[in-house]
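In what follows, a single structure is set out as structure tokens and then discussed.
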Amino acid sequence: MIIRKATIEDSESIAAHLLLAMEEIIYKFIAERDAKTAYYFLLHFVESENNQYSYQNCYVAEENDEIIGAVAVYDGGKLQELRKPIIDYVRLNFNPDFSPENETQSGEFYIDSLGVNTNHQGKGIGSKILEFLIEEYVTKNKQTLGLLVEKENPGAKKLYLKLGFKPVGVKTLVGKTLEHLQIS
């Protein structure tokens, strides 16, 4: 398996993988529970540049010429500019009152979403992607990585803590309370 910077050609696969991790959040963004609409919403932004879900901010895990995982990660200090196209689009097309909370901030590179192909889950791929990000951002570049974890997902939290992430607070996103973890 290799982990590499994503290209625009990876967009369809990235959107499918990120949707695995974000389905409920995207449903809240678009104010409907329709998987096809959610996928095309996400694909629109993955294929576009200069937004939080852009392929520019993604890495993919690839095995035998198949993408089996994807992650979106970006500078938390740029959240406002990266999120603006999404807010504008949602307000125009789905929910004129859309106003999501800030899930990250300056001082961290934020792991927005990480999704692994359902046929490859439980094989350590998510861990390998996280280890890759820790090596790239924390070890090599002396940055802080942050992420949010749902209280209803103790397995994920256990993995993050095992990798060295520490709880630093609580955040809210689309009305849901999440634990904020970081590693430096």
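The values are calculated or read from the model by the stated rules, or taken from the named source; none is laboratory data. The shown structure was predicted, so the numbers you read here are calculated from the model rather than taken from an experiment. Positions of Cβ are generated from backbone atoms using ideal geometry, with glycine treated the same way; all protein chains shown enter the neighbour counts. Protein only, heavy atoms only, side chains kept; ligands, DNA and RNA dropped before computing areas. Shrake-Rupley method; radii C 1.70, N 1.55, O 1.52, S 1.80 Å.
Annotation for the stretch 121-142: at least one member residue is free of Cβ contacts under 8 Å to residues at least 24 places away in the same chain, under 18 Å from THR104 (Cβ atoms) and among the polar types (S, T, N, Q). Against the criterion of being under 16 Å from the mean Cα position of the chain (by Cα), within 23 Å of LEU145 (Cβ to Cβ) and without any contact (Cβ under 8 Å) to a residue 60 or more places away in the chain, VAL71 does not qualify.
This table checks each residue for (1) among the acidic types (Asp, Glu); (2) free of Cβ contacts under 8 Å to residues at least 60 places away in the same chain.
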residue	(1), (2)
GLU32	yes, no
GLU49	yes, yes
GLN52	no, no
GLU63	yes, no
GLY76	no, no
ILE86	no, yes
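When the stretch 143-157 is filtered for residues that are without any contact (Cβ under 8 Å) to a residue 24 or more places away in the chain and either under 13 Å from the mean Cα position of the chain (by Cα) or part of a loop (DSSP other than H, G, I, E, B) (or both), the ones remaining, listed by number, are GLU152, ASN153. Once the stretch 1-35 is narrowed to residues that are modelled with pLDDT of 95 or more and of a type in the set (Lys, Arg), the residue that is least open to solvent (accessible area, probe 1.4 Å) is ARG4. Does PRO100 count as at pLDDT below 95 and surrounded by 12 or more Cβ atoms within 10 Å (Cβ to Cβ)? When the stated conditions are applied, PRO100 passes them. Of the residues in the stretch 149-167, none is under 25 Å from HIS44 (Cα atoms) and among the hydrophobic types (A, V, I, L, M, F, W, C).
Scan the stretch 40-87 for residues that are over 26 Å from LYS123 (Cα atoms) and open to solvent by 70 Å² or more (accessible area, probe 1.4 Å) and report the count. Qualifying residue count for the region: 9. Considering only the stretch 127-137, I want to know if a residue exists there that is hydroxyl-bearing (Ser, Thr, Tyr) and assigned to a strand (DSSP E or B). Within the stretch 127-137 (the criterion being hydroxyl-bearing (Ser, Thr, Tyr) and assigned to a strand (DSSP E or B)), the answer is no, since none of the residues qualifies. Just a yes or no: is a residue in the stretch 159-178 basic (Lys, Arg), surrounded by fewer than 16 Cβ atoms within 10 Å (Cβ to Cβ), at pLDDT below 90 and outside any strand (DSSP E or B)? Scanning the stretch 159-178 turns up no residue that is basic (Lys, Arg), surrounded by fewer than 16 Cβ atoms within 10 Å (Cβ to Cβ), at pLDDT below 90 and outside any strand (DSSP E or B).
Within the stretch 125-158, the set of residues being modelled with pLDDT under 95, over 17 Å from GLY69 (Cα atoms) and open to solvent by less than 20 Å² (accessible area, probe 1.4 Å) comprises VAL149 only. Residue check: SER106 meets all listed conditions (1) touching a helix residue (DSSP H, G or I) at 6+ places or on another chain (Cβ under 8 Å); (2) open to solvent by 20 Å² or more (accessible area, probe 1.4 Å); (3) of a type in the set (S, T, N, Q); (4) closer than 22 Å to GLU23 by Cα but one, namely (4).
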